[in-house]
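Structure, as structure tokens:
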Amino acid sequence: MSGTWMTMRAWLLMLPLLMIMVAVIGWPLVDTVRLSFTDAQLVGTAGNYVGFDNYTKMLTSSNFTRTLSTTTWFAVISVAAEMVIGVLAALLLNQEFRGRAVLRGLMILPWALPTVVNATLWRLIYNPEYGALNAALTQLHIIDDYRSWLGEPGTALAALIVADCWKNFPLVALIALAALQAVPRDVTAAALVDGAGPFNRFRFVILPYLAGPLMVALVLRTIEAFKVFDIIWVMTRGGPANSTRSLSILVYQEAFSFQRAGSGASLALTVTLLVTVLAVAYATLVKKTAGSAA
Amino acid sequence: MERKSPVFTAFIYACAILLAVVILAPLAWLFVMSISPAADLAAKPLRWWPQAADFSRYTQLLSRAENSAGAAFTASLRNSLEVAAMATLATSVLAVPAGWAVSRTPSVGWSLSMVIATYMLPPVALSVPLYIGLSHLGLLNNVFGLALIYLTILAPFTTWLMKSGFDSIPREIEAAAMIDGAGLLQTWRIITLPLAAPVVATSALFAVLLAWDEFFYALLFTSDQRAKTLTVAIADLAGGRVSDYGLIATAGVLAALPPVLIGLVMQRALISGLTSGGVKG
């Protein structure tokens, strides 16, 4: 069969997918770009061309800079914690002990739990009057009075991060475990014979095998964390006093609560640009890591 | 082999127990809340185990009496099932041929890369035009409309999984069938699809899980029992004036059961699907 015919057939087979993707992703994205240069409302007026007004207003507003910093904190701390706890859990699950298979099976539970159910569960745990956290901490005499974990700007973001980590570190652990099991046994045995301590064995023997898969997990988790909406919406709606408002929540409020489609669109595109820059930077890093590990 | 000291062994078991508690405690508490009488949940000091298990909330939520909490819950359950089924079916119909095409003809692979790159787009970047578009088509608050939008999430991921699945089927087997005179559709039917069945099934399950989990678009594009999905119904309960926390917990348990069961039964396949991305890069 000739190459041209093969290629034509391939395009033909991809056509339905590509057409749908253009309809539900391509066109909306282009239209978001158009909207971002208008003062369109969500309902009613189509809006007039206003140039870069939306962008300049947004980039100089304290709402945006504050939300950007909240989102960055959320992403950096939750992803870092997930990576560290995930790798530690994977190292544990790579040991031999009774019940290991069962424990590995349990790891799928938080991952399978729907995000909204996870958020609801933790919202109940953090409840200021009847929550399990307050009850446990007072019964253990760690705190004296019940606290409003999600109701105080000082603790709300940390409480969200804990809930997010609990759901997501098992995925990192499973990815790391799969990579650990690819480390040849004779290599670790040789390092042991050569007298390498536990830390050096991890750093120089095991980590090179982990680096590639972990980088991929890091990229995926970071992108997810920057886009975060669900868990925050269900637990705090961005409050109290906007202390947990993420970029996605800000766009939602702007475009849908205040119905300012134009300025919402400009915000959304800025978020997209940030995520893209991050992803490209990471992708370069992944290539480098993969290169040096091989 | 490394000889393990008793101290090290004890340390490993302590860590294993800690990990099991961390994973299980919140889940166990969700279930305990769902079967505890409201008075126990409001007690101070909190009662960690109900005096008498109370399963009445399960029957309450699954009953379909008019205007009850059960009516709203069962409607959203049905909507979630319908949207997940339609979106998964549609995404499979799109993804099988496309995944096969990219696997066999790598020169068109860049188009799939572009589709996958859309993963980086936050849904908020598409939401305003999608909202306006759906409202023009009369598809707001409609399960078909929502299923259509879910293709933005399901199709790229599923196609990519299918593609790696087809990669592992040697093309020589297909070539042999074609030399014997089988056409493309016949080759798929006799050779490719039976061999790819496990991958197709795994991809479909991933699609179901993604659709079941989706919240943002459902929150935006649905407004009442005709289309509201479970995730939105639960968020409503959690953020609303429901005074019985046990009822919220029960809704959570019921919504979590299908994906958790799928997760446990399909463990091996799901983990290899999840990690193949990580390991292959």
Chain B: relative contact order from alpha carbon pairs under 8 Å, six or more residues apart, as a whole percent, is 27
Gyration tensor (alpha-carbon) shape descriptor, chain A, a/c threshold 1.5
oblate
Please compute the length gained on full extension between A:Asp194 and A:Val84, using 0.36 nm multiplied by the number of residues separating them and subtracting their Cα-Cα distance.
36.9 nm
If amide H atoms are modeled at 1.01 Å from N in the peptide plane, then the residues at a separation of 5 or more from B:Asp244, or on another chain, having amide H under 5 Å from its own are none
Note to self: C-alpha centroids of the stretch A:269-290 and the stretch A:108-144 sit apart, in Å, by 34
Which order, highest average first, do A:178-184, B:232-238, A:166-172 follow once you tally other Cβ atoms within 10 Å for each residue and take the mean per peptide?
A:166-172, B:232-238, A:178-184
Tally Lys/Arg at +1 and Asp/Glu at -1 over every other residue whose Cβ is under 10 Å from the Cβ of B:Leu146; what's the total?
-1
Charge dipole of the protein assembly as shown built from unit charges on the beta carbon (Lys, Arg +1; Asp, Glu -1), centred at mean Cα; most positive-end Cα among A:Val187, A:Thr32, B:Ala218 is A:Val187
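Roughly how big is the stretch B:1-159's charge dipole about its Cα centre, with Cβ charges of +1 (Lys, Arg) and -1 (Asp, Glu), in debye to the nearest 20? Numbers along the way, then the final one.
On the way: 8 positive and 5 negative charges, 60 e Å.
So the dipole magnitude of the stretch B:1-159 works out to roughly 280 debye.
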Using a simple charge model, +1 on the beta-carbon of Lys and Arg, -1 on the beta-carbon of Asp and Glu, nothing else, what dipole does chain B show about its Cα centre, in debye to the nearest 20?
340
Quick query: amide H of A:Thr38 versus all other amide H atoms, modeled in the peptide plane; which residues come in under 5 Å with a sequence gap of 5 or more or a different chain?
A:Val50
If the cut-off is a Cα-Cα distance under 17 Å, which aspartates and glutamates reach A:Lys57, setting aside same-chain residues fewer than 8 apart in sequence?
A:Asp39, A:Glu254
Over chain A, what is the mean sequence separation of C-alpha contacts under 8 Å (at least six apart), divided by residue count, expressed as relative contact order in percent?
28
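Mind putting a number on the dipole of chain A about its Cα centre? Charges go on the C-beta only, +1 for Lys and Arg and -1 for Asp and Glu, and I need it in Debye to the nearest 20. Mind dumping the intermediate values first?
Values: 20 positive and 15 negative charges, 119 e Å.
With Lys and Arg at +1 and Asp and Glu at -1, about 580 debye.
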Contact order relative to length for the stretch B:132-281, counting C-alpha pairs under 8 Å separated by 6 or more residues, stands in percent at 27
Residue by residue through the stretch B:107-123, the couplings from Karplus 6.51 cos²θ - 1.76 cosθ + 1.60 with θ = phi - 60°, in Hz, x for Gly and Pro, are 5, 9, x, 4, 5, 5, 4, 5, 4, 5, 4, 5, 4, 5, 5, x, x
Once phi is turned into θ = phi - 60°, what whole-Hz ³J(HN,Hα) does the Karplus curve with 6.51, -1.76 and 1.60 give for every residue of the stretch B:21-36, x standing for Gly and Pro?
5, 4, 6, 7, 4, x, 5, 4, 5, 4, 5, 4, 4, 5, 10, 8
Looks like the protein assembly as shown, by Cα gyration tensor root eigenvalues a ≥ b ≥ c and the a/c under 1.5 rounded cutoff (else prolate when a/b is bigger than b/c, oblate otherwise), is rounded
Placing +1 on the Cβ of each Lys and Arg and -1 on the Cβ of each Asp and Glu in chain B, which of B:Pro6, B:Phe157, B:Pro198 has its Cα farthest towards the positive end of the resulting dipole?
B:Pro6
For A:Phe64, what charge total do you get from the other residues with a beta carbon under 13 Å from its beta carbon, if Lys and Arg give +1 and Asp and Glu give -1?
+2
Partner shielding of A:119-127, as the mean number of partner chain Cβ atoms within 10 Å, equals 6
For the stretch A:186-200, in order, what is each residue's ³J(HN,Hα) by Karplus, 6.51 cos²θ - 1.76 cosθ + 1.60 with θ = phi - 60°, in whole Hz (x at glycine and Pro)?
5, 5, 5, 4, 4, 4, 5, 4, 6, x, 6, x, x, 5, 5
Positive dipole terminus of the stretch A:1-135, leading residue within A:Gly99, A:Phe64, A:Ser78 (C-beta point charges)
A:Gly99
For A:Lys167, list the lysines whose Cα falls under 17 Å from its own Cα; do not include residues on the same chain fewer than 8 positions away.
A:Lys227
Under 19 Å from the Cα of A:Lys287, which lysines turn up, not counting those fewer than eight places away in the same chain?
B:Lys280
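We did not get these values from a lab; they are worked out from the coordinates using the rules stated. Quick caveat: nothing in here was measured; it's all calculated off a predicted structure. Ideal geometry is used to build each Cβ from the backbone, glycine not excepted, and the neighbour counts take in all protein chains shown.
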